[in-house]
1. Is there any pair with a first residue in the stretch 12-28 that is more than 15 Å from Ala123 (Cα to Cα) and a second that is among the basic types (Lys, Arg) whose Cβ atoms are under 8 Å apart and which are 6 or more apart or on different chains, and what are they?
2. Report the residue count in the stretch 132-152 for those that are among the small types (Gly, Ala, Ser), at pLDDT 90 or above and surrounded by fewer than 22 Cβ atoms within 10 Å (Cβ to Cβ).
3. Can you tell me which residue in the stretch 190-215 is modelled with the highest pLDDT, limited to those that are among the polar types (S, T, N, Q) and either touching a helix residue (DSSP H, G or I) at 6+ places or on another chain (Cβ under 8 Å) or exposed (fewer than 13 other Cβ atoms within 10 Å of the Cβ) (or both)?
4. Quick check on Gly100: is it assigned to a loop (DSSP other than H, G, I, E, B), modelled with pLDDT under 95 and over 29 Å from Val237 (Cβ atoms)?
5. Checking Tyr122 against (1) of a type in the set (Ser, Thr, Tyr); (2) closer than 30 Å to Ala180 by Cα; (3) part of a loop (DSSP other than H, G, I, E, B): exactly one of these is not met. Which one?
6. May I ask you to list the residues in the stretch 83-131 that are within 30 Å of Ser8 (Cβ to Cβ), of a type outside the set (A, V, I, L, M) and crowded, with 21+ Cβ neighbours inside 10 Å?
7. Pick from Ala208, Ala138, Ala157, Ala123: which is closer than 24 Å to Gly71 by Cβ and touching a Lys or Arg at 6+ places or on another chain (Cβ under 9 Å)?
8. Being in contact with a strand residue (DSSP E or B) (Cβ under 8 Å, 6 or more places away or on another chain) and touching a residue at least 60 places away in the same chain (Cβ under 8 Å) is the filter; apply it to the stretch 125-139 and report the residue that is nearest to Leu171 (Cα to Cα).
Amino acid sequence: MNTTTTNSRRTLVLTGASRGIGHATVKRFSSAGWRVITCSRQAFPEDCPWEAGPEDHLQIDLGDPGDVDAGIAELKNRLDGGPLHALVNNAGISPKSGDGSRLSSLTTDMVTWQQVTQVNFYAPIMLARGLLDELQLAQGSVVNVTSIAGSRVHMFAGTAYATSKAALASLTREMASDFAPRGIRVNAIAPGEIKTEILSPDTEELLAPTIPMRRLGTPEEVAKTIYFLCTEQSSYVNGAEIHINGGQHV
């Protein structure tokens, strides 16, 4: 590996990169010249457009703590002692019942609670702590992707998903306090209804009329905010949770 070439570029580690917001984020950072190391449960898709994708993709099951630890070791190996300028914890799961309906606090089994909490809550802090030295070297930025469902009951998002995102918002504040003395900023974004595969089929028809902007957001609009939080334009933004929902929360 040519470490001189690799380390001269800003580097992003992104989880949940294979679709939706993650996919748009890869394209946004890649177009700005960043090296993007992607992590997801799936192998690298052949139809993805960014340069050096297969070489900088890591298949990690964030639902398996042992696999997360192994993934951190591999990420540190790929960074080869160089700086990590940004970590974006975008991966998240929102299981549904067998008929596709919302899992409530009465119908979510404990295995599902544990799976969702591991992926949506534990994995972000495991990755941030595991890559702390590389983030500190870059005076980098961490962005946690929460959700509008973390602050209100949502008609589609399940209880375990919503609770994990509320916990992640609280964790973001704690991390912002703990990481800032090391020169690392930690923020969150809370997307509302964004046109991604995770949405239920009826979401746009049911919810768009209730949003002041009368439309759903796009993954590209979310990616722009993530990029802002990972660059000098947001150099004094720390511990914030930015809502990206067209005014749905007002």
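1. Leu12/Arg35; Ser18/Arg41; Arg28/Lys224
2. Adding up the residues that qualify gives 1.
3. Keep residues of the stretch 190-215 that are among the polar types (S, T, N, Q), which gives 196, 200, 203, 210.
Now narrow it down to the ones that are either touching a helix residue (DSSP H, G or I) at 6+ places or on another chain (Cβ under 8 Å) or exposed (fewer than 13 other Cβ atoms within 10 Å of the Cβ) (or both): 196, 210.
Numbers: Thr196: 78, Thr210: 87.
Residue satisfying both the conditions and the ranking: Thr210.
4. Numbers: assigned to a loop (DSSP other than H, G, I, E, B): yes; modelled with pLDDT under 95: yes; over 29 Å from Val237 (Cβ atoms): yes.
Yes, satisfied.
5. (3)
6. If we filter the stretch 83-131 for residues that are within 30 Å of Ser8 (Cβ to Cβ), which is where we start, we get 83-91, 123-131.
Next cut, of a type outside the set (A, V, I, L, M) only: 83, 85, 89-90, 124, 129-130.
Passing the criteria: His85, Asn89, Asn90, Pro124.
7. Values: Ala208 fails: closer than 24 Å to Gly71 by Cβ; Ala157 fails: closer than 24 Å to Gly71 by Cβ; Ala123 fails: touching a Lys or Arg at 6+ places or on another chain (Cβ under 9 Å).
Of the residues listed, the single one that is closer than 24 Å to Gly71 by Cβ and touching a Lys or Arg at 6+ places or on another chain (Cβ under 9 Å) is Ala138.
8. First, the residues of the stretch 125-139 that are in contact with a strand residue (DSSP E or B) (Cβ under 8 Å, 6 or more places away or on another chain): 127-128, 131, 135, 138.
Of the ones still in play, those that are also touching a residue at least 60 places away in the same chain (Cβ under 8 Å) are 127, 131, 138.
Working: Leu127: 13, Leu131: 17, Ala138: 22 Å.
The extreme case among them is Leu127.
The values are calculated or read from the model by the stated rules, or taken from the named source; none is laboratory data. Everything numeric in this text was worked out from a predicted model, so none of it was measured. Don't worry about glycine lacking a Cβ; one is built from the backbone with ideal geometry, like all the others, and counts go over all protein chains shown.
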